[in-house]
Each structure stands twice: as C-alpha cells, then as structure tokens.
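In what follows, a structure is listed as structure tokens, so that the remarks can point back to it.
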10 protein chains.
Amino acid sequence: MEFLVRVDASRAYELPDEERADLIERERARGRELLADGTIQRFWRVPGRRGNVGIWSTPDADTLATVLAELPVYPYADIEVTPLATHPMTH
Amino acid sequence: MEFLVRVDASRAYELPDEERADLIERERARGRELLADGTIQRFWRVPGRRGNVGIWSTPDADTLATVLAELPVYPYADIEVTPLATHPMTH
Amino acid sequence: MEFLVRVDASRAYELPDEERADLIERERARGRELLADGTIQRFWRVPGRRGNVGIWSTPDADTLATVLAELPVYPYADIEVTPLATHPMTH
Amino acid sequence: MEFLVRVDASRAYELPDEERADLIERERARGRELLADGTIQRFWRVPGRRGNVGIWSTPDADTLATVLAELPVYPYADIEVTPLATHPMTH
Amino acid sequence: MEFLVRVDASRAYELPDEERADLIERERARGRELLADGTIQRFWRVPGRRGNVGIWSTPDADTLATVLAELPVYPYADIEVTPLATHPMTH
Amino acid sequence: MEFLVRVDASRAYELPDEERADLIERERARGRELLADGTIQRFWRVPGRRGNVGIWSTPDADTLATVLAELPVYPYADIEVTPLATHPMTH
Amino acid sequence: MEFLVRVDASRAYELPDEERADLIERERARGRELLADGTIQRFWRVPGRRGNVGIWSTPDADTLATVLAELPVYPYADIEVTPLATHPMTH
Amino acid sequence: MEFLVRVDASRAYELPDEERADLIERERARGRELLADGTIQRFWRVPGRRGNVGIWSTPDADTLATVLAELPVYPYADIEVTPLATHPMTH
Amino acid sequence: MEFLVRVDASRAYELPDEERADLIERERARGRELLADGTIQRFWRVPGRRGNVGIWSTPDADTLATVLAELPVYPYADIEVTPLATHPMTH
Amino acid sequence: MEFLVRVDASRAYELPDEERADLIERERARGRELLADGTIQRFWRVPGRRGNVGIWSTPDADTLATVLAELPVYPYADIEVTPLATHPMTH
C-alpha cells in the first residue's frame, strides 16, 4: 500500500546545534535504508518548510506506523499520513 | 486493514423529499450488506450531525476507495478516512 | 455510553528520556486495566501520530471525564471526545 | 446527562418566505414542548447568529441524537454538541 | 447579562507540581466565591479538556473582563467569551 | 455596552439585480437611522470585503441581538460580534 | 519541475447525470494524454475523496497553470499545488 | 500605499457560459486600465487557483476599496487584502 | 488612514513577574502617548483575552508598521491589522 | 520562476537580546546580497507581523529551497511559498 507522508520537523530546530547535527546524521542514515529497501519511493523537500513530503510503500498501516515511530526525528515531528488508492486510469 | 470513516451527508438534505427518501432506502440496504459482510464493523450516529462515523475493515485502501465510491450517498457526502494501526497494547 | 476519544500526546515527547519512559510504563499499565474492565473497547495507533484513537464506554460523561483526567498522560495530552449514539441500522 | 448544543440555522434563511414562516412556527412549537419537558434547560440567542445555543438534558446520547434529528429545522441546521460533565466544585 | 465562557487551562499543566497545586487551590477558592455570589451560574467540565465551560452573569462586559482578569488561572488560560441574549421563546 | 460587529454580506450578491438594489436601499435607510440614534457609533468598509465592520453601542446584548435580526440584510449576512470592555488606560 | 497537485472535484457531483458522465469521459481522455506525455507522473485516488492527488511535472509554473486551467474539470475543481524540490538524499 | 491583493473568483465559474465569457471580457478590459494607470503593479496567476494575486498601489485604503468594489468580478469574488509597508532594507 | 488592530499579548504572561510588571508599565506609558497624539483613537479590552483591540490612525501603513514594531510588547505580541476604508454612508 | 514568500519570524523574538541582534545583522547582510543579485525582487513588512513578505525569483524550486534553508533566520522561521505564474494579461 502507498501513503502520502508529510513530515514537519520544525521542532528539531529547537535542539542545541550538536544534538541537531547528530539527529540529522542518524535520520539521513535511516532515510537511505528506507529508500534502498523501497519503503520510501519518492522523497522531496518543500521550499521553505523544515521537513519533507514523500510517497511511502508498506504492506499495511501497521508497518507504516512502526517504521515512522522508529524514525530518529519522530519525537520532534508532526507527521500527516494520507492513504492512497490506485486510480482506475493508471491500471 | 481498519479505517475510521466519518461521513457527512448534509448535502443530501438539499434533495427533494421523494429523492431523499429513495436515497436513504438505497443507502440503508447497502449499509446492511456492508455490515453483514464485515466491511463495516461498528457504526454510530453523532448527535446533531447529519451523517455517521464507523470502523471499516477492507483488505486495502483500493477496496475501501471503491466501496465508498459506490455508496448511494457518495455524490452528496464529504468523507474523511483515517487509517488505523494495531496498538501494541492490544496484541 | 460510547465515545470516540482521540488522544494527542505530542507534548509528552518533550519530557527528558527517563521521565518519559516512566510515564509510558504507567500509562500502559493503566491502559491494560481500562481494556480489561471494558472502559476502552477498541484502541488503535494512527500512523505518524504520537497518540491514539479509541472507542471508550462509560456509564456517563462524568465517569469519562474522571477516567481521562486520571490518566498519567493527561497533563501532556490534548484529548478530543465525540459522543456516539446507536445507529438505527445496528439494532 | 447535559450537553451544550449550538444550532446554526443559516441555511433555513434560504427558504421561500412562506416555507420559512411555517418552519419557524413548527420549530417554536417543538421548542416549547422540549422546554416544558426539561429536555432543553436553558436557551439563548447569540447576537448576530441565525441560530441558538442551549443546555440540553437527556438520559443519554441516543435520546439526544433522536430528539435533534426530529427537530423541524434539522435538515437545514449545522448542530454542534459538546458533552458536559459535573464539575467537582458544584457538588 | 449572561455569557458563555470557555476556559482552556492547558498551559497551567506545564507548571511545577507544587506551583500547580497551589494555583488549583486558589482557583477553586475563587470559583466558590463566584458561584456563591451568582457571577458563575452553571459550571461544567468537558470530558478530556483541561478547563471548563460555564454560564456567567455580570452587569456588563466591563465587570466580566475584570473578574476574568483577576482569576488566579488567568495568566495560563485561553478564554473564549460568547455574549448571550434572551431567546423570545423563554419569556 | 459597546460591541465590535463584522458583517459579511457576500450572499446578498447572489440575489437578482433588482432585489439586491432594493435590499441595499432599505439597508442604507436603516443604517442611517442607527447612526442617527447612536446605535452604530463608527462604521467602515474593509477593502475587498462585501460587508462592513463597526462599533455598535446598545444597552445590552438583548437589544443588540434584536437590532441585528431586524436588519434587512440579516437573512443574507454572516455576523460576528465581539463584546468590548472599557480599557483601564482610557478612563 | 515537480508539483504535488490535489484536485477536489466535489462540485462536479452537483451536475446533472448526463453532463457529469460527459465531463468524466472528457477528463479521463485528457488525463490519459497527460500521463502519456509525462505531465502527470503518478496519480492516485484518496479513499472517500471525490478527486485525486498526483505528482505532476512541467517545465515551470506557467505551463502547470495553463495545463490545469485547460482541464475539463477545472471550472468545478478546487486545486491545491505544492512546489517540490529535489531532496539532497535522493541525488 | 501598496497592498497584496488575492482574488478568488471561483464563484464566477458557476455562471452560464455566455455570461461568464462576457464577465471575463469586461474584467480584462478593466484590468488593462488598472495596469496602465499603475493601480495594479504586478499581477500573477497561482497554478490551480481560479483567481489571481497582485501588488496594487493606491493613494489610500478608500481608493482601494472603491476600485475593488467596481471590478466586474466583485459580486463573485472573495478578496483578501494585506497592507504592505516599506521594508527598512529596501530604502 | 484608520486600521483595526488586535493585539494578543498572551506570551507576555510567560515572563517572570518582575519583568512582566516592568513591561506593562512601559507599555502603558507608551499607550498614553499614542492616545494623546491621536495614533490610537479608541481602545478596548476583550473580556477573557490577554490583549486589546483598537482603532488606530496613522498617515500610512509605513508609520503604523514602525509604531507597532516599537511597542514594548511587540516581541511578545501577535498583532492582526485590518485596513479600514470610509463607508459611503458616513460621509 | 517567481514565488510569493511569506516569512514569519516570531520565534526569533524568543532569543536572548544579544543573540537576536546578531541574527538580525546576519539576516540583513544576506538579504542585501539577495536583493542585489535579484533573488529577492520586492520585499515588504506587513504592519504588526514579525516577518516579511516578498516576491522571489529563482531558476527553479530547488534553488529556492536551498536559498531559503541557508537564511540565518531559517531555524526560527515559518515560511510559506506560493508559486506564481505569468498572467495572460501581462504579456
């Protein structure tokens, strides 16, 4: 199943510099894994927003909930998930 | 997968009486089928709201999208879907 | 009476690690009691949200207000309650 | 149980004059019955708003949902219900 | 004149425990006085909300503004006031 | 007592031309009376908005509710009222 | 450049049946062209929503504005566009 | 004085085709005059939105209110005006 | 030009007592000057709100922006400005 | 491509005085560079708002995202970007 996932990580910018640098490094390492295994399919910045938007693919909502909750940025992130359904025109 | 589904059918109340009575009858017939086959698991009114809230269960988002789009009330309904994930405490 | 209860516990994620771990442990212990005695009937995570959504059942709004206010997470939680009414189709 | 009920009946003002006059008459007749039997406890206008706000008392949410749905103004009304709980200070 | 007053005191829950206990005690003492002198006519909790909703009665808006600004919880409270007008049906 | 009153009359612009011209004429006649008797103290347009904002003065909220409900534009207007209280600095 | 485009076509559901069937047919024909020429890259339904969400790719905002304005559904659609920027992690 | 002016003309799309074509023609003629005399300084479409956004310059708010109210599209437009002030950095 | 100015100073209530007392004193001194020189024409409290609403008059938006930015409370205030235009009825 | 960019820098006002003074100095130095190289085309204060609004021009959304993320104020700023498209009337 695919999901549109918007991550707003503004609150991470309130962390002390060193702590934030460490968080970003861990988040990126995890992001690369999720891109490599296909959990994250597409991934963009939105100009001006301290966060990202992406198309995620997981077997079900349980897996997605777990993967998101294990992100290093999770304690600092407002995350909005929209379930996506195949469009008849794209079959 | 389970979904929290809120249906706001206010606009159906702008239909002529006969047309609305027919719509309600068809909607109820379809609702009974969906309750019988387990697609709708629980189903409530919200006092004062012209609509309902329910727990729906479908194999995936594609099936949910199709089932909702085939509801008789669909052309008149604002529908809000929240994907639900199993809570670790309920295993 | 049944209620749809959404709990947003984002603010608990601002607590120091140890304090938060202790809070979660107490919250889960209390949650298990409320599931066992039927106060909480169903209970889900919402992918991406630091909180949960559930169907609660209490004799009346007074009991619900008291039970919610005694949750360990209450000082950190934004809680939204929707009263539910039996739907004629489910009799 | 008591509920705070806000009724916004703006849409009724789109009815033809005669139809609206008839609706108001039926709504008032019903309102007087609900005041007389204690379902509506207090009842106010809000300056500038085409509707009202009141304290309603019913045995449970089912009764409230039914009473509201039978109001003559129901097809034209946006109704917002807040469940109320006894405050410890007022015992 | 009567007013619908909603008090959201969530921010008071960020105070240290002792300070909050003291605040609550002072707020309750003041609340009892306002109930006794008729300034507060009715007073409820809203399940899940860290605050209250009430019907207040003061000679005018000046008095209400002053009474609210002198509440111990005032520095921590978001307060929403709706002016109420007598409904023709309740004469 | 003074009130800040915002009137949004967008819906009046959906009326047929002649009906709207008649409405505006009656509204202006009534407006001049309310300015003359001091009910409306100040009165402005907001650039781009199909409506107005004003400072109204009535003995109490009951009078304000009645005066507003008798405005010719009332069936077409969304009106927002904010009660105003004397500021200590302006005594 | 890529854009996240959400189309809400609820208002098209107020058209007479025949007119709506014709609109859908024309919209789908145009959609197939835009998928074929790469203007629309991905395209989904959102369960319950009368519309779609997609990733669009055009040389610039001018082209996107023109393509969207020429959609058959444009007069009936609320369209929300978010500009997307390459994420450093996806280089 | 300069103003940021956002015009949402969605409602004009509910007009019959011929009436809308006539409205657009008159609106464009007026727009060219306002560009020519410097009232509108800059003027853009927003992709997907049925309207525009621009930088307007008028001697004061009175003139702006009058110019906007005389636009052919005014009866169908939701217009939002933000006053702009010179930035110290641009002197 | 006249402006409707709403000042929400809730955040100033998070200051230590002494600092807040000093801020209020400086703000009131400045407020008296602005009332004296006609920059602030009218000025009210809104019951329950930690702030004020007023009618301000300055030659243009530049002056207003500067005067507001120099208020002692400015770093702690959310300020909302609505430009006002003379109403034809008040000429 | 041009973008309407609104920057809300309220959170920067929570910094200690010296840190904020340094931030403002660095932000202004960077702003002057961006004005000089044409990235920022126009730039205004909005009376009462702790931030600014401007018309920015960059080759594409990638460049804009990078330039915004490198602003000294970025960690403290809520930034809202609207893509702009040439209006047919301004060719």
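Please treat every number below as a calculation from the coordinates, not as lab data. Treat the numbers as computed from the prediction; the structure is a model and nothing was measured. Please note: Cβ atoms are built from the backbone with ideal geometry, for glycine as well, and neighbour counts cover all protein chains shown.
The set of residues from the stretch B:41-54 being closer than 21 Å to C:Val46 by Cα and either in contact with a helix residue (DSSP H, G or I) (Cβ under 6 Å, 6 or more places away or on another chain) or surrounded by fewer than 17 Cβ atoms within 10 Å (Cβ to Cβ) (or both) comprises B:Gln41, B:Phe43. Can you find a residue in the stretch C:28-40 that is in contact with a helix residue (DSSP H, G or I) (Cβ under 8 Å, 6 or more places away or on another chain), under 23 Å from E:Ala9 (Cβ atoms) and surrounded by fewer than 16 Cβ atoms within 10 Å (Cβ to Cβ)? Among the residues of the stretch C:28-40, not one is in contact with a helix residue (DSSP H, G or I) (Cβ under 8 Å, 6 or more places away or on another chain), under 23 Å from E:Ala9 (Cβ atoms) and surrounded by fewer than 16 Cβ atoms within 10 Å (Cβ to Cβ), which makes the answer no.
Of all residues assigned to the stretch H:2-16, at least one qualifies as being among the aliphatic types (A, V, I, L, M), within 20 Å of F:Pro16 (Cα to Cα) and in contact with a strand residue (DSSP E or B) (Cβ under 8 Å, 6 or more places away or on another chain). When the criteria are applied in full, H:Thr66 meets the requirement of being hydroxyl-bearing (Ser, Thr, Tyr), more than 21 Å from J:Thr90 (Cα to Cα) and surrounded by fewer than 16 Cβ atoms within 10 Å (Cβ to Cβ).
J:Tyr13 meets the conditions (1) free of Cβ contacts under 8 Å to residues at least 24 places away in the same chain; (2) touching a helix residue (DSSP H, G or I) at 6+ places or on another chain (Cβ under 9 Å) in every case but one. The failed one is (1). Within the stretch F:49-64, the set of residues being farther than 15 Å from F:Leu4 by Cβ and not polar (S, T, N, Q) comprises F:Arg50, F:Pro59, F:Asp60, F:Asp62. Within the stretch I:25-44, the set of residues being under 21 Å from F:Ala85 (Cα atoms) and in contact (Cβ under 8 Å) with a residue 12 or more places away in the chain comprises I:Glu27, I:Arg30, I:Gly31, I:Leu34, I:Gly38, I:Thr39, I:Ile40, I:Gln41, I:Arg42, I:Phe43.
Going by the conditions given, is B:Leu68 free of Cβ contacts under 8 Å to residues at least 60 places away in the same chain and not hydroxyl-bearing (Ser, Thr, Tyr)? No; evaluated as a whole, the condition is false for this residue.
Considered as a group, the residues in the stretch G:74-86 that are within 9 Å of chain H (Cβ to nearest Cβ) and β-branched (Val, Ile, Thr) include one that is farthest from A:Gly54 (Cα to Cα), and that residue is G:Ile79.
How many residues does the stretch G:74-91 contain that are aliphatic (A, V, I, L, M) and part of a strand (DSSP E or B)? The number of residues fulfilling the criteria is 3.
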